[in-house]
1. What do you reckon, is C:N171 in contact with a Cys (Cβ under 7 Å, 6 or more places away or on another chain), assigned to a helix (DSSP H, G or I) and more than 9 Å from chain A (Cβ to nearest Cβ)?
2. Hey, can you tell me all the residues within the range C:244-259 that are outside any helix (DSSP H, G or I), closer than 22 Å to C:S83 by Cβ and open to solvent by 20 Å² or more (accessible area, probe 1.4 Å)?
3. Take the residues in the range B:252-274 that are open to solvent by less than 50 Å² (accessible area, probe 1.4 Å) and within 30 Å of B:K87 (Cα to Cα); name whichever of them is farthest from the other protein chains (Cβ to nearest Cβ).
4. Test C:V131 against the stated conditions and say whether it is among the aliphatic types (A, V, I, L, M), surrounded by 22 or more Cβ atoms within 10 Å (Cβ to Cβ) and more than 30 Å from C:V56 (Cβ to Cβ).
5. Could you give me the residue pairs with C-beta distances under 6 Å whose first residue belongs to the range C:115-129 and is under 12 Å from C:D212 (Cβ atoms) and within 14 Å of chain A (Cβ to nearest Cβ), whose second residue is open to solvent by 30 Å² or more (accessible area, probe 1.4 Å) and not in a loop (DSSP other than H, G, I, E, B) wherever it lies, and which are 6+ apart or on separate chains?
6. Any residue at all in the range A:328-341 that is facing another protein chain (nearest Cβ under 8 Å) and out of contact with any strand residue (DSSP E or B) (no Cβ under 9 Å at 6 or more places or on another chain)?
7. Give me the residue from the range B:212-231 that is under 19 Å from B:G246 (Cα atoms) and more than 14 Å from every other protein chain (Cβ to nearest Cβ) and, out of that set, surrounded by the fewest Cβ atoms within 10 Å (Cβ to Cβ).
Amino acid sequence: MSVTTEQVRKTLARRYRAEKRFKAYGICAISIGLLALLLLFTDIIGKGYRAFYEYSVALQITFDPESLEIDDPRDLEQLQYGNYEAVVREALQARFPGVEGREGRRALAALVSTAAGYRLREMLENSPELLGQTRTLWLQLNDDADMFLKSSEAKRKTARLSDQQQTWMLELEQSDEVRAGFNHSLFTRGDSREPEQAGILGAILGSFFTMLVTLALSFPIGVAAAVYLEEFAPKNRFTDFIEVNINNLAAVPSIIFGLLGLAVFIGLFGMPRSVPLVGGLVLTLMTLPTIIISSRAAIKAVPPSIRQAAMGLGASKMQVVLQFVLPLALPGMLTGGIIGMAQALGETAPLLMIGMVAFIVELPAGAMDAATVLPVQVFLWASSPEQSFVTMTSAAIMVLMTFLITMNTLAVVMRKRLERRW
Amino acid sequence: MKNTHKLVLAAALALSSVPAMARDTVSIVGSSTVYPFATVVAERFGRNTSFPTPKIESTGSGGGLKLFCQGVGTQHPDITNASRRMKQSEFELCKSNGVKDITEVQIGYDGLVVANSVKGPDLDISLRDLYLAMAKDVPNPNGTEELVANPYKTWKDVNPALPNVKIEVVGPPPTSGTRDSFNELGVEGGCKTFPWLKAMKDQDKNKYKSVCRSIREDGHYIEAGENDNLIIQKLESSPNILGVFGFSFLDQNRSIVKAVKIKGVSPNMETVGSGEYPMARSMYFYVKKAHVGVIPGIQEYVKEFTNDRAWGDEGYLADKGLIPSPKNERMKWADNAKSLSSMTGKEFE
Amino acid sequence: MDIAEKMNVFQDAVQVDPRVVAQEHMMTGENLYIPEKTVGAPFVDDPKMRMRDVNVFYGADQAIHGVSLDIGKNEVVALIGPSGCGKSTFLRCMNRMNDTIDICRVEGSLHLENQDIYDPKLDVVELRARVGMVFQKPNPFPKSIYDNVAYGPRIHGLANRKTDLDEIVENSLRKAGLWDEVKDRLNSSALALSGGQQQRLCIARALSTQPDVLLMDEPTGSIDPIATAKVEDLLQELSETGTIVIVTHNMQQAARISHRTAFMYLGEAMEFGDTNQIFTTPRHPRTESYITGRYG
């Protein structure tokens, strides 16, 4: 055994131990990350899953013309101002006879959502022959009553219903007059002040239109800028200056772009407030540096041998770029684009300045209608006092995260599939 | 490439000279305290009429008035909500930008409550106690008329009748209108009970304001951000902490928090409406007369808001925590709104 | 490549300090004779390409010093020399591929038949259709075999109808000796071929525009011996009807396939003559040192 071997043996144990420690640190770090992720999902899903279903109560509704104050069901004005609440109240009082006093009657009426009234109006509008008839209908419950049924025994004691209201609800529950169904309004309606009627469709459409504008503008401009900078720009100080500035733009806080949007797009160009077009323009400015930087990296990764081969055959610079460089760099550019979009989807701050943080009930029909976006909806609901909005906030977060995870997964899958080995 | 350059230039010029685009939805900005009420009215209005639902942004009272006073035109808001009255400086700003005819409407009251968890003790404090517990500088405890940095650590230090619990209050940050109201109604209210401090108001107004409206920064007052839900959550987890927020949040969360009595008075509809409960503030909205008739629905929205079924004692806004003004006042404001009478500028005297 | 890399390549060329060589000669007592002009017969009558006083600079550093020689018609010329002596740089002057390097500057006169290659009025795209190039590492396009070969004719508009294009593709592949192996899978990816096949595809691709001159930069440098043999056979056939300039590190290859050989050293053309003569009785001492393996 040589001297070297002896010395090596002495330190060998220590080296292996150091290696094991390093591995352990790595595993620790990943575990912490995964744990955080697990906590996040557990918390959000735990709070949010209850928003996806809702309770309705079965009531015998009589479309009494006297109570409704409607004699002609085809008269639109009468329909609009009909007293549907009275009809619902009557049905409830028929179910729970003997309720005395104004307070008591109000408490009883408060169990059913105001959506019921609108639904009855819709039914009457579509089928005027209903006037005077009686039907058994499943009507949506008010958010407090809905929350009560969704809560556990312990939580029910501290619910926002009075003892009397709780007794009624328990009675309805025991005789199966309430049932749970999928919460359609969550995905078919826009924002509302009543939690049981609030939905995220408005925000989803707003996000969709905003993303559309952002993609349509930032991708072509970003790719073109990257191609120019990589292929055609002369290598001088001015080009370096541009490069430095583009990299710096990527680090600018996003709210600055919002201020820019307010001053230039709304102030100077006079575009309307709160529309996805302006939101898309602002987010384009924000995403552009990301797309330019990732596109440049993709272009740089195209091996020079392909360029040389094409040029050797007599392809012009333009042909080399369009027919070889771009198609080969495209997977990388698309990945960068998707990641940029995913980033933009979750932005709130810049949109705050241009007015997209607002209570908007109507669903937007295009990029020029006032709209809000998903993360903003989350923010607005989180600030509302009603307890049911806590559940709705978590549900909206779940939808937003689904979109983000899908987009990022798509980016990863695309990158894997389109990667070429040189 | 020259042709492309020309094209780009032409497009840029065309874009910049586009006139402000037409709008058919009422645009409202302003206070985050009025927001929960305005949005309910807006939604009802949108559902029950053929007008589109007005768009409402929560920008804060100050921010809203600033936007409102930028000028007349479809890119500027039609109505602004405020949890305090418009200031003279804001009125001047409006005038200088061409916003001359403004209609003021008082909506009702919002109570400012101090609350703790339902699991905590039932407290009854006076405004003086609140001032001594919360202010940055307080009168020297030995009785001389000088100011010292706030030395009180527990509620018992401030008032022996109160429990021996560390002073910890969670409340809104300086950017919030609620904080302004707390400073004015709560802290200043207690400050004024010291005659020599009250006299300072006439001698040195600025010093008076800085003494009577400054909140301590040594950790006993914790700023919780603009989201009142977070304050409620904090109270839920710590029974000894107190929180400051608007009445509507108390109303919606009575299973979690309860109000601290101020001088024996509990905040509710009656006590706030009558003025018995000392920490109440008025809420307003302001209408730009120049936009009426140009943007459809403004007058009809105002009519919906000033109707008793909205802001009356049995109205749907009361269900949401609004404390209605007395009936005769309501009628006065409703008339004001209906006739769109403009502010004269004398309101600030 | 940036200037630093180029400098490295350049410096690699100086593997042996000339002073050491001089000393060696002195120790053996031989007289050291370093002529100033290219030894041998660098010029021919009626050449295909004529190069006079070519100097190439990378920034401030000169890579090629005053090289003058002719490439004759229908002959294979081999350029040999140690690493970094400027063979590839000189080759790339002939189809102006050096234009793609920003800091590279070419001086001197280069003519393809009677056309000045560096005439500003000449479109370089047109030049490259007449002077084709094959690179050391096979670089087929990530397209089908058919599209690889069809690319040149397509962009230069050499075939109007599909049948014409098919014909060109088949001819080129036959000339490259690849037709029989790929005729059934013309639409499959070119990247699925073996290294040797890919290089022959690149040759077919270069031939598709029917160039007057074919430049080859160490074409068998990275393929296996069996494929190398096939390519060498191919080159012999091609030389019967076309002009080929081939840069090679493999002296035996140069000896096998070229008619004339030029020996380059440190950016100068030291000797240029008949291949047989160069390899049996070299006239320049450096040529002799290189051939006998004293340095590589």
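1. Numbers: in contact with a Cys (Cβ under 7 Å, 6 or more places away or on another chain): no; assigned to a helix (DSSP H, G or I): yes; more than 9 Å from chain A (Cβ to nearest Cβ): yes.
The answer is no for C:N171.
2. The answer is C:H249, C:N250.
3. From the range B:252-274, those open to solvent by less than 50 Å² (accessible area, probe 1.4 Å) are B:252-253, B:255-260, B:262, B:264-267, B:271-273; that's our starting set.
If we keep only those that are within 30 Å of B:K87 (Cα to Cα) too, we end up with B:262, B:267, B:271-273.
On the way: B:I262: 21, B:P267: 15, B:T271: 19, B:V272: 17, B:G273: 18 Å.
Checked the range B:252-274; the qualifying residue farthest from the other protein chains (Cβ to nearest Cβ) is B:I262.
4. Working: among the aliphatic types (A, V, I, L, M): yes; surrounded by 22 or more Cβ atoms within 10 Å (Cβ to Cβ): yes; more than 30 Å from C:V56 (Cβ to Cβ): no.
So C:V131 does not fit the description; no.
5. C:A129/C:H156
6. Within the range A:328-341, the subset facing another protein chain (nearest Cβ under 8 Å) is A:328.
Checking the rest, the ones that are also out of contact with any strand residue (DSSP E or B) (no Cβ under 9 Å at 6 or more places or on another chain) come to A:328.
Yes, the range A:328-341 contains a residue that is facing another protein chain (nearest Cβ under 8 Å) and out of contact with any strand residue (DSSP E or B) (no Cβ under 9 Å at 6 or more places or on another chain).
7. In the first step, residues of the range B:212-231 are kept if they are under 19 Å from B:G246 (Cα atoms); the result is B:213, B:215, B:221-231.
Filter once more, so that each one left must be more than 14 Å from every other protein chain (Cβ to nearest Cβ): B:213, B:215, B:221-223.
Working: B:R213: 18, B:I215: 19, B:Y221: 22, B:I222: 13, B:E223: 15.
My answer is B:I222.
Results for (1) in contact with a strand residue (DSSP E or B) (Cβ under 9 Å, 6 or more places away or on another chain); (2) surrounded by 12 or more Cβ atoms within 10 Å (Cβ to Cβ), shown as yes or no for each residue.
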| site | (1), (2) |
| --- | --- |
| A:K157 | no, no |
| A:L161 | no, yes |
| A:Q164 | no, yes |
| A:Q174 | no, no |
| A:F182 | yes, no |
| A:S185 | yes, yes |
| A:D191 | yes, yes |
| A:E194 | no, yes |
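The values are calculated or read from the model by the stated rules, or taken from the named source; none is laboratory data. These numbers come from a predicted model, not from an experiment. No Cβ is skipped: glycine too gets one built from the backbone with ideal geometry, and neighbour counts run over all protein chains shown. Areas reflect the complete protein model, heavy atoms only, side chains present, ligands, DNA and RNA absent. Shrake-Rupley method; radii C 1.70, N 1.55, O 1.52, S 1.80 Å.
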